[in-house]
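Since every read-out is calculated from the coordinates, none of them should be taken as a lab result. Remember, it's a predicted structure, so these values are computed and weren't measured experimentally. Note that we place each Cβ from the backbone using ideal geometry, even for glycine, and neighbour counts take in every protein chain shown.
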C-alpha cells in the first residue's frame, strides 16, 4: 500500500512506507471470516487518483502501464492483513482484508487478475485497487482473504503467476467454484524449490552471446543452465532452493548489471 495516498508530509510518507515493507507476513484473523467468493470482473472506470503516469517510492521510480491488455507475470506474492484494514488504498477506497483485492506496482487501477499459486495450483480472481508491494522480487500483495483462499497465509511468500482477466473472459465462469486447482485452461507447472524454479537472465538470438553471458555468471559463482528453442537461447540461474535464494540471486544479478530478470517455473 502506498502511504502517499493519505496526503502526509514527505518525511512521514517515507517513514510509513518503510513500515509496510514488513506487512506481508502479518498475522491474520480466523479463516472463517475470510471471503470465499472470487472478485467478479466488470467494466468500470479507472481511478482518477490511482493512475499517475509514474510515481516514486523510497527513491525508486515506477511507471503505470498505459494498457493492461494481455498482461501476465510470474514472481513472488506476499499478503497484507489487519495492520492495514480500513486504511485508504491508492485508489481512494478503504482496504478491506476480507475482500478479494490486491496491490500491484504498475497495473492500472482497478484491474482484475487471476493469481495462481505455483506451489499448489490453486487460483483466485482479485480486484487490484492498490499500489505495492515495494519489496524487490515481489510482484503482487494479496488481501488476507485472497491469500487464505490459495493457502499462502502460513507462508510469507509463494511463487505465483498473475494474468489480467475481464468480464468477457470465459475462464471466469468458474470463479466462484472451489479453487481446487488451476482454472486457466493451460498446463500450469507446480513450483518445486530446488528442482524447477529459475531466474531467467535473458533470451538471446546469438548463441555465442548467450554462452558469454553464462560464462560471466559462472565466474561470479552462479550456477547457470541454457535452453535453446525457436531460435532463442535462454540463460537461467538455478534451480533455486527457496524464496530467500531467489531474492539473493536477483540481488546478485543486479549487482552484475542484470536488472530485467524474471522467474521461470519449468514443466
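The reciprocal of the average 1/r between distinct C-alpha atoms defines the Kirkwood hydrodynamic radius, which for region 202-267 equals 12.3 Å. Take the Cβ-Cβ distance between residue 266 and residue 40 as r, set R0 to 30 Å, and report the resulting FRET efficiency rounded to the nearest 0.05. Between residue 266 and residue 40 the formula returns 0.35. Between residue 54 and residue 85, full extension at 0.36 nm per residue minus the direct alpha carbon distance yields a gain of 8.6 nm. The length gained on full extension between residue 207 and residue 69, counted as 0.36 nm times the residue separation minus their Cα-Cα distance, comes to 46.5 nm. Put in line by how crowded their Cβ is, counting other Cβ atoms within 10 Å and starting with the fewest, 107, 88 read 88, 107. Taking other Cβ atoms within 10 Å as a rough exposure proxy, 79, 232, 193 sort from fewest to most as 232, 193, 79. Ranking of 64, 235, 124 by neighbouring Cβ atoms within 10 Å, starting from the fewest: 64, 235, 124.
A simple spin-label model places pseudo-atoms 7 Å from Cα toward Cβ; at residue 195 and residue 244 they are separated by 2.2 nm. Label separation (residue 106 vs residue 251): 2.3 nm, computed from points 7 Å beyond Cα along the C-beta direction.
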